[in-house]
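Take a look at the structure below.
Please treat every number below as a calculation from the coordinates, not as lab data. Note that the coordinates shown come from a computational prediction; the quantities given were computed from them, not determined experimentally. With ideal geometry, Cβ positions are generated from the backbone for all residues, glycine too; neighbour counts draw on all protein chains shown.
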């Protein structure tokens, strides 16, 4: 963001900066990438003072006690949260049992997908064992300024990119490591088979023709089958992994 675009945005936002009780703008430093998207901190004081007609700030600092619900499955709202302290748990029902599928910690964003897609919430989000402090963004803030909305959408996109990288990056590393270990083990087995065949030849030990096996070919087929199974499992688990991202 250039200095001229910052000045223009400040002029655009100034008429709406009327919050009765704005948060300290320094709290925005907790949000990853915020200072990247909005490098001029003079703008921050205007953003935290944006409000609706009733004077309620669009960005509020809130405390939720352990087990208290931030987001309710099946409901519709426009709130996006950033964890400041503590943790928030994304809870889904799996086989009729409530299960925590993701625990968001300091700096993580919660609730962005439902808001951006304009859909009802797909899971409950509750405060963790020690409660959670959050910055609550009412996404109606973007209606005050299309330009501000553009930058905030960019901010959310960066968070989603991180979540995708963390979720699928870890999974792909696990699969790659598993295949590497498999290759090492099978190479060792192939070498041992060759040593056994050499020993049998040296001692004139012969197997009947129908019992002779191309061990290397057999193991190669086994490796290919395992790789195919891993790829299938990866595809099957894609939906579960999206749930674990904490996007609700």
Residue 43 - would you say it is surrounded by 14 or more Cβ atoms within 10 Å (Cβ to Cβ), touching a residue at least 60 places away in the same chain (Cβ under 8 Å) and within 28 Å of residue 13 (Cα to Cα)?
no
Regarding residue 21, is this residue under 23 Å from the mean Cα position of the chain (by Cα) and either free of Cβ contacts under 8 Å to residues at least 60 places away in the same chain or closer than 19 Å to residue 154 by Cβ (or both)?
no
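Conditions (1) over 11 Å from residue 248 (Cα atoms); (2) in contact (Cβ under 8 Å) with a residue 24 or more places away in the chain; (3) surrounded by 21 or more Cβ atoms within 10 Å (Cβ to Cβ); (4) touching a helix residue (DSSP H, G or I) at 6+ places or on another chain (Cβ under 9 Å), marked per residue:
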{"site": "73", "(1), (2), (3), (4)": "no, yes, no, no"}
{"site": "83", "(1), (2), (3), (4)": "yes, yes, yes, yes"}
{"site": "86", "(1), (2), (3), (4)": "yes, yes, no, no"}
{"site": "99", "(1), (2), (3), (4)": "yes, no, no, no"}
{"site": "107", "(1), (2), (3), (4)": "yes, yes, no, yes"}
{"site": "114", "(1), (2), (3), (4)": "no, yes, yes, no"}
Is it the case that the stretch 146-158 has a residue that's in contact with a strand residue (DSSP E or B) (Cβ under 7 Å, 6 or more places away or on another chain) and under 18 Å from residue 52 (Cα atoms)?
no
Checking residue 61 against (1) outside any strand (DSSP E or B); (2) surrounded by fewer than 17 Cβ atoms within 10 Å (Cβ to Cβ); (3) touching a helix residue (DSSP H, G or I) at 6+ places or on another chain (Cβ under 9 Å), only one condition comes out false. Which one?
(1)
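Of the residues that sit in the stretch 13-29 and are out of contact with any helix residue (DSSP H, G or I) (no Cβ under 6 Å at 6 or more places or on another chain) and in a loop (DSSP other than H, G, I, E, B), which one is surrounded by the most Cβ atoms within 10 Å (Cβ to Cβ)?
Ranking the candidates gives 19 first.
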Those residues of the stretch 117-142 which are in contact with a helix residue (DSSP H, G or I) (Cβ under 9 Å, 6 or more places away or on another chain) and either surrounded by 17 or more Cβ atoms within 10 Å (Cβ to Cβ) or within 20 Å of residue 28 (Cβ to Cβ) (or both), in sequence order
121, 122, 123, 135, 137, 139, 141, 142
Log entry, pairs with first residue in the stretch 127-143 being over 16 Å from residue 79 (Cα atoms), second being outside any strand (DSSP E or B), beta carbons closer than 8 Å, six or more apart or on different chains, reads 128/66; 129/66; 130/66; 131/65; 131/66; 131/68
